[in-house]
Each structure stands twice: as structure tokens, then as C-alpha cells.
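Undergrad: My questions will all concern the structure given below.
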Amino acid sequence: MILNAKEYSVNWKKDREVFLYIYAKKRTGKPFNVAVTFELKEFEGNKMWGIEPHFEPRKDPSSYTRADAPFKPEFSGYTLTKKEIQDVRAGGKVMITATSKKGKSFDCNVSLELKEFKGNKFWGLEAHFA
């Protein structure tokens, strides 16, 4: 979804002209910029002109520390307060009352950990049950 149709022409490479579009994320509606070029592409033997986006590479989550790691401060329907965020960033555990998928309340401790899911690393809240 294009929010703003303004094009900003910049010299990216010698043989290409790059345009900067402002798009919105589908889930959040939050705007972001992406550089695109118009390139001749080939698909199943057919050549056609198309738009090629050039996104910035994703930073490796292992390079972050607990103090500066980006994470979602929400766990199972419970949103952490500023004080609780400071505590988990300091390496501590925070006791919370969250809600299960079936709607039942439960108590657990959460901490900020570097996790891995299907080969992708990310920082997230890890539950510790007593």
C-alpha cells in the first residue's frame, strides 16, 4: 500500500535510478521507506519490466545485548510496565498474571532471552513456571 506517491530519485548505482517510496505495513499500518528500481526480469522464459525493492539487511539479533535488544513487551495478553521492562532488561525475572488461550488466568515469571524458532533468532519473553 503506497501512502505517499512522492518519488525521490537518487543515484544508487551508475546504471540505475532508484526511487524511494513510502509504504505502510499491512499489519500495523506503520509507514516505512523502501528504495526500488525498475528492472528487466525473467520468469519462466518471459521477460518483463518490474519493480525490485531493496530492503536494508536485517541486523543479527545475536549482536544485541539485553539492554538494547528490540522485543515485544507483551506476553499472553499481559503488557509489561516501564518498571518491569527495566527489570527484564537488567536480567531479572518479573512475576506476571497472564491469560491462556482458553481464557484462564495463570501466574508465571518472565525474563528476556535470546530465542530461536525455525532457524530464526530473536529476543523475546520466556516464561518460567514454578
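Undergrad: Between ARG89 and LEU114, how many nm apart are label points set 7 Å from Cα along the C-beta direction?
TA: Each label point lies 7 Å from its Cα, and together they span 1.9 nm.
Undergrad: Under 1.5 on a/c is rounded, so check that first for the range 61-128, then, if it is not, pick prolate when a/b is larger than b/c and oblate when it is not; a ≥ b ≥ c are the square roots of the alpha carbon gyration tensor eigenvalues.
TA: oblate
Undergrad: May I ask you to evaluate 6.51 cos²θ - 1.76 cosθ + 1.60, the Karplus curve with θ = phi - 60°, for each residue of the range 113-129 and list the ³J(HN,Hα) values in order in whole Hz, giving x for glycine and proline?
TA: Using θ = phi - 60°, the values come out as 9, 7, 10, 9, 9, 6, x, 9, 8, 7, 8, x, 7, 10, 7, 10, 9 Hz.
Undergrad: For the pair LYS82 and MET48, how long in nm is the line joining their label points, each one 7 Å along Cα→Cβ?
TA: Once both label points are built, they end up 5.2 nm from each other.
Each value in this text was obtained by applying a stated rule to the coordinates, not by laboratory testing. For clarity, every value in this text was computed on a predicted model and none was experimentally measured. Backbone-built Cβ (ideal geometry, glycine too); neighbour counts: all protein chains shown.
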